[in-house]
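The values are calculated or read from the model by the stated rules, or taken from the named source; none is laboratory data. As the structure is a computational prediction, the values presented were derived from the model and not from experiment. No Cβ is skipped: glycine too gets one built from the backbone with ideal geometry, and neighbour counts run over all protein chains shown. Ligands, DNA and RNA are excluded from the accessible area calculation, which covers all protein heavy atoms including side chains. Shrake-Rupley method; radii C 1.70, N 1.55, O 1.52, S 1.80 Å.
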Amino acid sequence: MASDPSRGETAERLRHLLETEGEIVRPRASEDNARREAAYDELADLETLRTEARAIKEEAIERLPELIQTVRTAVEENGGTVYVADDAADANAYVADVVDVAEADGRSDHDRPSVVKSKSMTTEEIDLNDALEREGVDVYETDLGEWVIQVADESPSHIVGPAMHLSRERIAELLREEFDPDVEFETAADLTAFARDYLGERIREADVGITGANFVVADSGTITLVTNEGNARKCAVTPDTHVAVAGIEKLIPSMEDLEPFVNLIARSATGQPISQYVTMLTPPTPSPTLEFDGPDADEPITASDGESDREFHLVLLDNGRTAMREDDQLRETLYCIRCGACSNACVNFQSVGGHGFGGETYSGGIATGWEAGLHGQDAAAEFNDLCTGCTRCVDACPVEIDIPWINTVVRDRINRGKDPGTYDFLVDGLTPDAESGSGVPLDKRFFGNVGTVAKLASATAPLSNWLAGTGPVRALLERTIGIDRRRDLPVFQRQSLVDWFEANGGAEASRRRARVGTALEREAVLYPDVYTNYVDVARGKATVRTLEALGVPVSVPSLPESGRAALSQGMIATADRRASELYGELAADIDAGRDVVVIEPSDLAAFRREYERLLPEASFERLRSNSYEICEYVYGLLENGADVGALSTADGDEPIAYHSHCQQRTLDLEAPTTAVLERCGYTPETTGSECCGMAGSFGYKREYYDVSVDAGEQLAEELEGSERVVASGTSCSDQLETLLERPVPHPIEVLGPDR
């Protein structure tokens, strides 16, 4: 169990970032995300490119040992050198030796050797700058953002935009303090001009230029640099010696394989159709070396005859990547092309930036995989819980990496590395999870077993509701399992949806109530998720009335939890068991041709996505293909002849604001709800905010309450002028009802007929 002080410390650290960096990061990340979405929308063959890029990465990682040998041969035939570094120390020592030799042979008349660098997360990963400076080397970052970070002596806050958290005013202040310039920094152009002049001189004087590589083509030894400033090419070709440092996962087989990545990387990073500079070099280049000083400085540059004095070293870094390749769960991380799209799409990243949602080197959703694989699980543990599994990053990733699943796996491993908590024995026997004795913290076991908690609270309501609202109990809940006392708790209903349905005659009565003569010949099983069954019973009742009014008989059996709550806590063994139990209960209904209707989008997402990893393939496919979100199902019924007049309709143009659940958007199920609302006489307006910030248990936790509310306030601000608001997720409704101080029902409660 996490101690209360550590929750408090985490909360305080995140509050500080919300106040100091969040206000600057949010609009920039959000704008980049909006531009990415627009750029994706304009690309007719987007999904083809994503699938192609994914396949190339899969092949490259599979063939990695072979590709390393291939690129070694190609580079050496070109006249360069390849060095495969085992770890950071190995890579740094090699680069330091190269700089030492280059300085001895170089043109610089400075006392200390100097290096200019282009932006490279791989060199950040190995702390190359610090290592070279300890060897007496002057290192200058030439990417504008990286240079600002170097001047500020801070770490990058974003994979692509390292200085995203700094305002223009703060950058101007930093440069004035560092350089005491004669010019005033009144505009961004002033800052850029100063940087260009200063860094241009450093590039001309440098002994060695160091770049990263977005991609390395194995069969030719070509490195590809994708930038917007052109500094990377200058670093590569101006000094006589060029060192490219790249992770071994940057290898792709051939030049033909570059095309999908060049089409995708700028779009996913910044929403640009293509970056300002796409440089492909097959070094060492035959171009003549440059002389800026000395007796030959004024001599014209002449064409080379293919011979030059240039040196090139390709340093391929392992540093744990081979182990990641052999890890079935982390291997997918190696497909990452470092575009930062997962960061921009993440509402929690937008709130706290990479200094909160990041580890030693990498930030954003994919950072958990990188940090766990390269620096160890402890490096990922501090920020891993900021991923709520909303899946908004899934659609953003250009190589279709299942980032939420990587976060879930690492969370599971982090949990299991801990000792059982002091109160663990209290949970054993009361909860039906499969994590007993594994070290899963008490708070995670509580939230992962929310179905058991809800069943008990419903059975004892209203006493349980009164008791949970008392000060001493709220203090106890905050101290033991970290439920923030400022968060409103769910109000449990004494009569569950399942009990209500049985009290009204059950499935037989539903057949009689379903309209005769519509001849839709469908039957449905309504999945009573935990919140619909015990808390938001009204939306379950509205669903039953709606389906019966449209001629579909319903059954509402008592079914096991889906395992969604357990997954959110990283309790994969429990989720796996519950998936099997639930499928076992539903199999007979599916065999009988009944449709499974789901209200809570996160449970449907489990059926359609995560169960692929938990169930046998045939079972997963049967459940996935026979499960429907409620409004998706109603839309299908209407399209197949059901009478829209049986529903509750509006006058024809009644405005209604609709916020769809994150998982619903990822499943591309927002459109059916808006279509049904329109057919029923409403004029829906959908929200643009990424997420409500509640995300199940996330918004209840003391350490994350402020982050949750910060995200929710962005959404609430968007909706505060709307007279009528509906939301499809329980968490979304709870968050909005608190912030808007009025009811926010599920759309089915608006559409369902009164009875």
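Residue check: Asp576 meets all listed conditions (1) outside any helix (DSSP H, G or I); (2) out of contact with any helix residue (DSSP H, G or I) (no Cβ under 7 Å at 6 or more places or on another chain); (3) closer than 26 Å to Val440 by Cα but one, namely (1).
Please find, among Asp130, Asp153, the residue that is open to solvent by 50 Å² or more (accessible area, probe 1.4 Å) and at positive phi. Steps first, please.
Numbers: Asp130 fails: at positive phi.
The unique qualifying residue is Asp153.
The set of residues in the stretch 699-755 that are open to solvent by 10 Å² or more (accessible area, probe 1.4 Å) and within 23 Å of Gly570 (Cβ to Cβ) comprises Tyr700, Lys701, Arg702, Glu703, Tyr704, Tyr705, Asp706, Ser731, Asp734. Exactly one residue out of Tyr527, Tyr531 is touching a Ser or Thr at 6+ places or on another chain (Cβ under 8 Å) and open to solvent by 50 Å² or more (accessible area, probe 1.4 Å): that is Tyr531. Asp41 fulfils the conditions (1) open to solvent by less than 70 Å² (accessible area, probe 1.4 Å); (2) under 30 Å from Ser708 (Cβ atoms) except for a single criterion, (1). Just one of the listed residues (Ser625, Ser602) is without any contact (Cβ under 8 Å) to a residue 40 or more places away in the chain and not aliphatic (A, V, I, L, M), namely Ser625. Pairing each residue of the stretch 188-207 that is in a loop (DSSP other than H, G, I, E, B) with any residue that is surrounded by 14 or more Cβ atoms within 10 Å (Cβ to Cβ) and of a type in the set (Gly, Ala, Ser), provided the two are 6+ apart or on different chains, yields C-beta distances under 7 Å for Ala206/Ser114; Asp207/Ala102; Asp207/Gly106; Asp207/Ser108; Asp207/Ser114. Please specify each residue of the stretch 230-255 satisfying the condition of being within 17 Å of Thr285 (Cα to Cα), open to solvent by 10 Å² or more (accessible area, probe 1.4 Å) and aliphatic (A, V, I, L, M). Scanning the stretch 230-255 gives a single hit, Val237. Residues that are part of a helix (DSSP H, G or I), more than 28 Å from Arg445 (Cα to Cα) and out of contact with any His (no Cβ under 9 Å at 6 or more places or on another chain) do not occur anywhere in the stretch 592-615.
For the stretch 535-553, state whether one or more residues are free of Cβ contacts under 8 Å to residues at least 24 places away in the same chain, open to solvent by less than 30 Å² (accessible area, probe 1.4 Å), closer than 28 Å to Ala727 by Cβ and not aliphatic (A, V, I, L, M). Steps first, answer last, please.
Just the residues of the stretch 535-553 that are free of Cβ contacts under 8 Å to residues at least 24 places away in the same chain, to begin with: none.
No; the residues of the stretch 535-553 include none that is free of Cβ contacts under 8 Å to residues at least 24 places away in the same chain, open to solvent by less than 30 Å² (accessible area, probe 1.4 Å), closer than 28 Å to Ala727 by Cβ and not aliphatic (A, V, I, L, M).
Can we say Ala104 is assigned to a helix (DSSP H, G or I), modelled with pLDDT under 95 and surrounded by fewer than 18 Cβ atoms within 10 Å (Cβ to Cβ)? Here the answer is yes, as Ala104 does meet what is asked. Could you list, in sequence order, the residues of the stretch 375-387 that are in a loop (DSSP other than H, G, I, E, B) and open to solvent by 40 Å² or more (accessible area, probe 1.4 Å)? Answer for the stretch 375-387, where residues must be in a loop (DSSP other than H, G, I, E, B) and open to solvent by 40 Å² or more (accessible area, probe 1.4 Å): just His375.
Kindly state which helices (runs of 4 or more DSSP H) lie completely within the stretch 436-550 and contain at least 3 residues that are assigned by the TED database to the domain that holds Ser697. Spell out the reasoning first.
Numbers: elements: 442-448, 450-459, 463-468, 471-481, 497-503, 506-513, 530-534, 537-549.
Helices (runs of 4 or more DSSP H) meeting the threshold: 497-503, 506-513, 530-534, 537-549.
Given the options Glu184, Glu173, Glu229, name the one that is in the same structural domain as Arg63 (by the TED database) and either assigned to a strand (DSSP E or B) or modelled with pLDDT of 95 or more (or both).
Working: Glu184 fails: either assigned to a strand (DSSP E or B) or modelled with pLDDT of 95 or more (or both); Glu229 fails: either assigned to a strand (DSSP E or B) or modelled with pLDDT of 95 or more (or both).
Every option except Glu173 fails the conditions.
Could you grab me the full set of residues in the stretch 643-671 that are among the hydrophobic types (A, V, I, L, M, F, W, C), assigned to a loop (DSSP other than H, G, I, E, B) and touching a Lys or Arg at 6+ places or on another chain (Cβ under 9 Å)? Full working, then the answer.
So the first thing to find is which residues in the stretch 643-671 are among the hydrophobic types (A, V, I, L, M, F, W, C), and the list is 644, 646-647, 650, 656-657, 662, 667, 669, 671.
Within this subset, residues satisfying the condition of being assigned to a loop (DSSP other than H, G, I, E, B) are 647, 650, 667, 669.
If the condition is that a residue be among the hydrophobic types (A, V, I, L, M, F, W, C), assigned to a loop (DSSP other than H, G, I, E, B) and touching a Lys or Arg at 6+ places or on another chain (Cβ under 9 Å), then Leu647, Leu667 are the ones that fit.
Residues that are surrounded by 21 or more Cβ atoms within 10 Å (Cβ to Cβ) and polar (S, T, N, Q) were ranked within the stretch 641-665; the one that is nearest to Val552 (Cα to Cα) is Gln664.
Would the stretch 350-366 turn up any residue that is part of a helix (DSSP H, G or I) and either at positive phi or in contact with a Pro (Cβ under 9 Å, 6 or more places away or on another chain) (or both)? Taking every residue of the stretch 350-366 in turn, at least one turns out to be part of a helix (DSSP H, G or I) and either at positive phi or in contact with a Pro (Cβ under 9 Å, 6 or more places away or on another chain) (or both). Out of everything in the stretch 314-358 that is within 30 Å of Val208 (Cα to Cα) and among the β-branched types (Val, Ile, Thr), what residue ends up being farthest from the chain's Cα centre (by Cα)? Checking each candidate, the answer is Val315.
From Thr674, Thr738, which residue is at pLDDT 95 or above, in the same structural domain as Glu639 (by the TED database), touching an Asp or Glu at 6+ places or on another chain (Cβ under 6 Å) and assigned to a helix (DSSP H, G or I)? Break it down into steps so the answer makes sense when it comes.
On the way: Thr674 fails: touching an Asp or Glu at 6+ places or on another chain (Cβ under 6 Å).
The match here is Thr738.
Out of the residues in the stretch 620-640 that are open to solvent by 20 Å² or more (accessible area, probe 1.4 Å) and part of a helix (DSSP H, G or I), which is farthest from Ser562 (Cα to Cα)? Spell out how you get there, then give the answer.
Residues of the stretch 620-640 open to solvent by 20 Å² or more (accessible area, probe 1.4 Å): 621-622, 624-626, 628, 632, 635-636, 639-640.
Restricting the remaining residues to those that are part of a helix (DSSP H, G or I) gives 621-622, 624-625, 632, 635-636, 639.
Values: Glu621: 16, Arg622: 16, Arg624: 13, Ser625: 16, Glu632: 20, Tyr635: 24, Gly636: 24, Glu639: 29 Å.
Going through the qualifying residues, I end up with Glu639.
Does Glu146 satisfy being open to solvent by 20 Å² or more (accessible area, probe 1.4 Å) and acidic (Asp, Glu)? No, not satisfied.
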